[in-house]
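Student: My structure is below; once you've seen it, I'll send some questions.
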Amino acid sequence: LNNNHHINRDYRLLEEDDGVVYRNLFIIDPNRILTHILRLAEAFQFVKNEVCHIGWALRSDTVAREVKEAKAYFHKH
């Protein structure tokens with residue numbers, strides 16, 4: 001919760017004179033484990049009209065949505 005705007009101040013996102021907070025997204029992870037979140041972001045940007053399989057990594061093959069093409073993927077892998 002950020003009711004007192006401490007996060008906005010800490011990250012210099014608050015223009016106090018104008019009362020404006022800039023839009024932002026921070027993923028604060030005390031364990032510094034962002035692998036899954038980054039993989040999802042890469043998948044959103046990389047894949048269009050295809051499906052990312054479990055364990056997908058950037059630039060690896062994806063599964064087509066169409067059955068015929070999907071079967072070809074699974075035959076290969």
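All of the numbers you see were taken from the coordinates with simple rules; none came from a lab. All of these numbers come straight from a predicted model, not from anything done at the bench. Cβ sites come from the backbone with ideal geometry, for glycine too, and all protein chains shown count toward neighbours.
Student: Every residue in segment 39-77 that is of a type in the set (S, T, N, Q) and more than 25 Å from residue 27 (Cβ to Cβ), please.
Tutor: The one that is of a type in the set (S, T, N, Q) and more than 25 Å from residue 27 (Cβ to Cβ): 49.
Student: Then there is this: In segment 3-60, what count of residues is obtained for those that are closer than 22 Å to residue 74 by Cα and among the hydroxyl-bearing types (Ser, Thr, Tyr)?
Tutor: Within segment 3-60, residues that are closer than 22 Å to residue 74 by Cα and among the hydroxyl-bearing types (Ser, Thr, Tyr) number 1.
Student: Okay, moving on. Residue check, residue 13 against (1) out of contact with any strand residue (DSSP E or B) (no Cβ under 8 Å at 6 or more places or on another chain); (2) surrounded by 11 or more Cβ atoms within 10 Å (Cβ to Cβ); (3) among the hydrophobic types (A, V, I, L, M, F, W, C), all met but one. Which one?
Tutor: Of the numbered conditions (1) out of contact with any strand residue (DSSP E or B) (no Cβ under 8 Å at 6 or more places or on another chain); (2) surrounded by 11 or more Cβ atoms within 10 Å (Cβ to Cβ); (3) among the hydrophobic types (A, V, I, L, M, F, W, C), the odd one out for residue 13 is (1).
Student: Take segment 21-71 and flag every residue that is exposed (fewer than 10 other Cβ atoms within 10 Å of the Cβ), of a type in the set (Val, Ile, Thr) and either in a loop (DSSP other than H, G, I, E, B) or touching a Leu at 6+ places or on another chain (Cβ under 9 Å) (or both).
Tutor: 27, 28, 33, 54
Student: Can I ask one more? When the residues of segment 24-77 are filtered to those that are small (Gly, Ala, Ser) and touching a Phe, Trp or Tyr at 6+ places or on another chain (Cβ under 7 Å), which remaining residue is farthest from residue 7 (Cα to Cα)?
Tutor: 64
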